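The block underneath contains the structure these notes are about, expressed in C-alpha cells.
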Amino acid sequence: MSLPQRNVPGEDRLAWLSDQLRDQGAVTITAAAAALNVSEMTIRRDLAQLEERGVARRVRGGARSVGPRSFAQRRDRMAAAKSRIAAKLAELVPDGGAVAFDASSTVMRLAGALTSADDLLVVTNGPDTFGVLRDRPGISVLLTGGRLDPRTGSLVGPLASRAAADITVRRLFASAAALDERAGPLEETPEEADVKRALAAGAEQIVLAVDSSKLGTRAVARWLDWDRVDWLVTELDPQDDRLAPYRRVTRLL
C-alpha cells in the first residue's frame, strides 16, 4: 500500500500500518508518526486497535506482526545485521565433527558463509539451509525430515523432532523469533519450538544468534533456558547498552 495522504482518517492509517506489519514484520512508533504526520500518541492508539483485532503485538517502541512470517519475508529483513552476525558465527564453526543449524534465515546466512570444511556434518530442519550446503566441499548435510510448515519454511512435527533428538552434535546454531531477558528465546509456533528443543537436547553447546530488533520482545513458545545458552551473538558490539540485561546471563559475541 502506498503512503497515504497527510492527516488521513483513522481507518486509512490502520490499513497502512497493517501493510507495514505484513511486509516488514514490525513497525516503530517514531517512524510511523513521521511517515503519517501524526503524533506518536495517535500511533500508539492505532497500534492498540490493531492489537485488539489480532493483527499486531505491541512491543517497546512499536509493534510486531502476529504469527510466523514466511521464510522469504524473514530472509530479507535486517539483512546487514544478519550478515554481521554470520561473520561472527563463522568463528565458532569447527572444521570437523557434527553441528546443528536451525531453519532460521539468520543461520542460513552462516551457511552461505561456509565455503568448505575438513569433515563437517551439519544437521538441519531447514530445506533452504540444506540447499545452500549440499555441494560444499568437506561438508555433509543431513535433513531431519518431517512436515514442511508453509508459514515458516521449516520442517516440523514428530518426525523432525525425533530425528533431531537422535543426533548428538558439538554445537547448535539457532536463532529465535523473540528474545526476553527472563523467558529466554521464544518461537511463534509450538511446533517450531519443539524441533529446536530436540536439537538443543543433543548439543554440547548452544550458540544463539539474534538481531537487535528481537531484543526485549515476546512470542508464544519457550524452548530453551538461559543456563543452556553458551553464546549470544548479535550484530551489536558486546558492550552496547542494549545488551546489558543479557550480559548477566550468558557470554556475548
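Cβ-Cβ below 9 Å, separation at least six or inter-chain, first residue in the range 233-253 and closer than 12 Å to Ser212 by Cα and of a type in the set (Asp, Glu), second open to solvent by 90 Å² or more (accessible area, probe 1.4 Å) and at pLDDT 95 or above: which pairs?
Glu235/Arg84
Considering only the range 216-236, state which residues are open to solvent by 30 Å² or more (accessible area, probe 1.4 Å) and either over 20 Å from Pro94 (Cα atoms) or hydroxyl-bearing (Ser, Thr, Tyr) (or both).
Once the filter is applied, which keeps residues that are open to solvent by 30 Å² or more (accessible area, probe 1.4 Å) and either over 20 Å from Pro94 (Cα atoms) or hydroxyl-bearing (Ser, Thr, Tyr) (or both), the range 216-236 yields Gly216, Arg218, Val220, Arg222, Asp225, Asp227.
For the range 148-162, name all the residues that are in a loop (DSSP other than H, G, I, E, B) and at pLDDT below 95.
Result: Pro150, Arg151, Thr152, Gly153.
Quick check on this structure: which one of Ala174, Ala200, Ala193, Ala209 is free of Cβ contacts under 8 Å to residues at least 60 places away in the same chain and touching a helix residue (DSSP H, G or I) at 6+ places or on another chain (Cβ under 9 Å)?
One residue alone meets the criteria, Ala200.
Within the range 163-209, can you find the residues that are modelled with pLDDT under 95, in contact with a Leu (Cβ under 8 Å, 6 or more places away or on another chain) and among the β-branched types (Val, Ile, Thr)?
Ile167 - this is the single residue of the range 163-209 that is modelled with pLDDT under 95, in contact with a Leu (Cβ under 8 Å, 6 or more places away or on another chain) and among the β-branched types (Val, Ile, Thr).
Looking for something closer than 14 Å to Ile206 by Cα, touching a residue at least 12 places away in the same chain (Cβ under 8 Å) and either open to solvent by less than 10 Å² (accessible area, probe 1.4 Å) or under 19 Å from the mean Cα position of the chain (by Cα) (or both) - is there at least one such residue anywhere in the range 158-171?
The answer is yes; a qualifying residue exists.
The values are calculated or read from the model by the stated rules, or taken from the named source; none is laboratory data. Note that this is a predicted model, so its numbers are computed, not measured. In this analysis, Cβ positions are derived from the backbone assuming ideal geometry, glycine residues included, and neighbour counts consider all displayed protein chains. To get the accessible areas, we keep the full protein, side chains included, count just its heavy atoms, and leave off ligands, DNA and RNA. Shrake-Rupley method; radii C 1.70, N 1.55, O 1.52, S 1.80 Å.
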